[in-house]
Amino acid sequence: MTERWLGVQVSGEGVIMVDAEVPKNGPITIVLDDSFKLAKGDRAKAFCTMYSRLHDYAREKGIKRAFIKESAVSKGGMGKAHLSAAELRGVAIAALGSACEVGLVSKASVSRNYGDRKMDEYVKDESFWKENTDGKMRSGSREAAMLILAGR
């Protein structure tokens, strides 16, 4: 039996979301690959809108689990963009956490615990994606999809 899972990658400007049907084994089937942009203007209102979009999507589609890419320490320091992304990540965690089970996944943990390569190597590997996914997905959404694969 398959379940619907989300892989979510957050930036300061929006959310990349991959919705997939996930069987116990074999390729996952991409149901949706989309970006939700944060509305311009009042940031608090934009957060409320994003919260509603994510929460409602997860509820309406019967999402069982969501994996959100964690913040990472920046060697260049914590700039405004990093902090803005962290704020929006909190909104995504709260929204999805009120609708389904949520796991926070670091890029480093995927590299350590999934297969024998680093996450970036999987993201670039065309044959890996052909073998492990069915359906259409943008190459820029592969990190979000990788969270799903690693969560299985």
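The values are calculated or read from the model by the stated rules, or taken from the named source; none is laboratory data. What you are looking at is a predicted structure, and each value in this text was computed from that prediction instead of being measured. Reconstructed Cβ throughout: ideal geometry from the backbone, glycine too, with neighbour counts over all protein chains shown.
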| Is it true that residue 28 is touching a Ser or Thr at 6+ places or on another chain (Cβ under 9 Å), among the β-branched types (Val, Ile, Thr) and closer than 21 Å to residue 80 by Cβ? | no
| Which listed residue, of 40, 45, 64, is out of contact with any helix residue (DSSP H, G or I) (no Cβ under 8 Å at 6 or more places or on another chain), basic (Lys, Arg) and without any contact (Cβ under 8 Å) to a residue 24 or more places away in the chain | 45
| message | Can you tell me how many residues within the range 87-119 are free of Cβ contacts under 8 Å to residues at least 60 places away in the same chain, closer than 23 Å to residue 4 by Cβ and of a type in the set (D, E, K, R)? | response | 1
| request: Give the residues of the range 60-81 that are out of contact with any Cys (no Cβ under 8 Å at 6 or more places or on another chain) and either modelled with pLDDT of 95 or more or among the polar types (S, T, N, Q) (or both), sorted by residue number. | output: 60, 61, 62, 67, 68, 69, 71, 74
| message | For a quick check of your reading: which helices (runs of 4 or more DSSP H) sit entirely within the range 39-152 and have at least 3 residues that are out of contact with any strand residue (DSSP E or B) (no Cβ under 7 Å at 6 or more places or on another chain), among the basic types (Lys, Arg) and exposed (fewer than 12 other Cβ atoms within 10 Å of the Cβ)? | response | none
| task | Could you tell me whether the range 12-33 includes any residue that is in a helix (DSSP H, G or I) and buried (at least 17 other Cβ atoms within 10 Å of the Cβ)? | result | no
